[in-house]
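This report concerns only the one structure given below.
What follows is calculated from the coordinates using simple rules that are stated; it is not laboratory data. What you are looking at is a predicted structure, and each value in this text was computed from that prediction instead of being measured. As a convention, Cβ positions derive from the backbone with ideal geometry for all residues, glycine included, and neighbour counts pool all protein chains shown.
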Amino acid sequence: MPVYMDHAATTALSDRALEAMLPYFREEFGNPSAIYSLGQTSKNVLEKCRARMAACLGALPTEIFFTSGGTESDNWILRGACSARRQRGRHVITTAFEHNAVLRTLEQMEKDGAEVTRLEPDRKGRITPQQLEEAIRPDTVLVSVMLANNVVGTVLDIPALAKTARVHRVPFHTDAVQAVGHISVDVRKLGVDFLSLSAHKFNGPRGVGAVYCRLPNRLTPLLTGGGQEKELRSGTENVPGIVGMTTALEESLEALDERTARLRGLQERIISGVLEIPGIHLTGDPENRLPGFCSFIVEGIFHSVYLVNEMNERGFCISSGSACSAASRESSHVLMALGYDKALAGAGLRITLGAENTEKDVDLALAALRESVEKVRREKPPGASLL
Ligand SMILES: Cc1ncc(COP(=O)(O)O)c(C=O)c1O
């Protein structure tokens, strides 16, 4: 088995989540919309999960809606919140370094007449309330700023940004896909109106997520059909997935402090070890970053895909920055938004640790990285041929 150090891409399902899910695939397979007992058992568990998810996020059960994951949650909130306020205007504010689930959705919406302002983060990945304040217009219908960035791990000051939006009575969405399960997330403390999350980032199953929505009447549906989720998100509910997600979130929050302390220790060990290699720089905010999240730029290489491949040969799963650009040799839009030039933005490296990683894993990864960097610098220097 390789040593897995790419937990920001996805995580393995926890044993507890798997155990909790199993009965709902076979014995308790009823459709929650059916009125006989088998269906009502599913309906009951669904509503219990809604209440448990709400408790994990400081929300009310009526504010939680189940979806197929982070991408759907982002799409739904962006399209649904803007469509609900169409009479007021079509201006949306976001940042230039969101996940593509937000950026590409907004590009699509621009083709249909939306106007989008993309705030530029500073080198560490921070956005200030003043930047937001200056961008808000009378026709602004939504602000969407991520809670934690998926390439550099910076945790943004959402309470301050959401407060600014609230003063202007503009609804605020945060994509919290990378944050939920890894730092404490309380929707009231954040002060947001909408939040997206995804189960597979915190040891839950793939293809299931949720939306927090403070004002459900401010959101039009993305998926119409059988009228599930109070007519707001149609489609037969993924009961096993929802049970797995709920169990995994509770499990990660129960052990949060202890895991955070351990991951912070391993994170420091990785960061200090990697920075001993000449020509490697830490990206993102050295202080406000997700636990276990280590991100760098490696000078003197053509593209970090080669480094990821070398590490793979040596038995380590790490990433060049984000899953979407892993197979292509593009530069990361996130690193470019942070002000790195195109060449350096193609040389990002992301090591994201999880609960099962040990000090020994870290030391072995550091040794493998030293060898890999040396080899890639020798064989694939900047400007090398693609062949
Ligand atoms: C910040 C962020 N938003 C959205 C997504 C998409 O989530 P999902 O994979 O559940 O569709 C991801 C996944 O990488 C992410 O990191």
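Whenever a residue of segment 46-58 is within 13 Å of Val211 (Cα to Cα), its partners that are aromatic (Phe, Trp, Tyr), lying with C-beta atoms within less than 7 angstrom and at least six residues away or across chains, give the pairs Leu57/Tyr212.
Would segment 311-329 turn up any residue that is farther than 19 Å from Phe97 by Cβ, within 16 Å of the ligand (Cβ to nearest atom) and more than 19 Å from the chain's Cα centre (by Cα)? Yes; the residues of segment 311-329 include at least one that is farther than 19 Å from Phe97 by Cβ, within 16 Å of the ligand (Cβ to nearest atom) and more than 19 Å from the chain's Cα centre (by Cα).
Residue check: Thr41 meets all listed conditions (1) under 21 Å from Thr224 (Cβ atoms); (2) away from the ligand (no atom under 16 Å from the Cβ); (3) touching an Asp or Glu at 6+ places or on another chain (Cβ under 9 Å) but one, namely (1). When residues in segment 125-170 are screened for being touching a Ser or Thr at 6+ places or on another chain (Cβ under 6 Å) and either in a strand (DSSP E or B) or more than 16 Å from the ligand (Cβ to nearest atom) (or both), 6 of them pass. The set of residues in segment 215-258 being of a type in the set (D, E, K, R), crowded, with 18+ Cβ neighbours inside 10 Å and over 24 Å from Arg188 (Cβ atoms) consists of Glu237 alone.
Just checking, how many residues over segment 22-68 are assigned to a loop (DSSP other than H, G, I, E, B), among the small types (Gly, Ala, Ser) and more than 14 Å from Pro240 (Cα to Cα)? Total satisfying the criteria: 4.
I'd like to check something: does segment 70-79 contain any residue that is surrounded by fewer than 23 Cβ atoms within 10 Å (Cβ to Cβ) and assigned to a loop (DSSP other than H, G, I, E, B)? The answer is no, given that none of the residues of segment 70-79 is surrounded by fewer than 23 Cβ atoms within 10 Å (Cβ to Cβ) and assigned to a loop (DSSP other than H, G, I, E, B). Of the residues that sit in segment 172-190 and are out of contact with any strand residue (DSSP E or B) (no Cβ under 7 Å at 6 or more places or on another chain) and farther than 18 Å from Arg52 by Cβ, which one is surrounded by the most Cβ atoms within 10 Å (Cβ to Cβ)? Within segment 172-190, the match that is surrounded by the most Cβ atoms within 10 Å (Cβ to Cβ) is His182.
So for segment 189-200 (the condition being part of a loop (DSSP other than H, G, I, E, B), touching a His at 6+ places or on another chain (Cβ under 9 Å), away from the ligand (no atom under 11 Å from the Cβ) and not acidic (Asp, Glu)), does at least one residue qualify?
If we filter segment 189-200 for residues that are part of a loop (DSSP other than H, G, I, E, B), which is where we start, we get 191-193.
Subset that is touching a His at 6+ places or on another chain (Cβ under 9 Å): 192-193.
Within this subset, residues satisfying the condition of being away from the ligand (no atom under 11 Å from the Cβ) are 192-193.
Subset that is not acidic (Asp, Glu): 192.
Among the residues of segment 189-200, at least one is part of a loop (DSSP other than H, G, I, E, B), touching a His at 6+ places or on another chain (Cβ under 9 Å), away from the ligand (no atom under 11 Å from the Cβ) and not acidic (Asp, Glu), which makes the answer yes.
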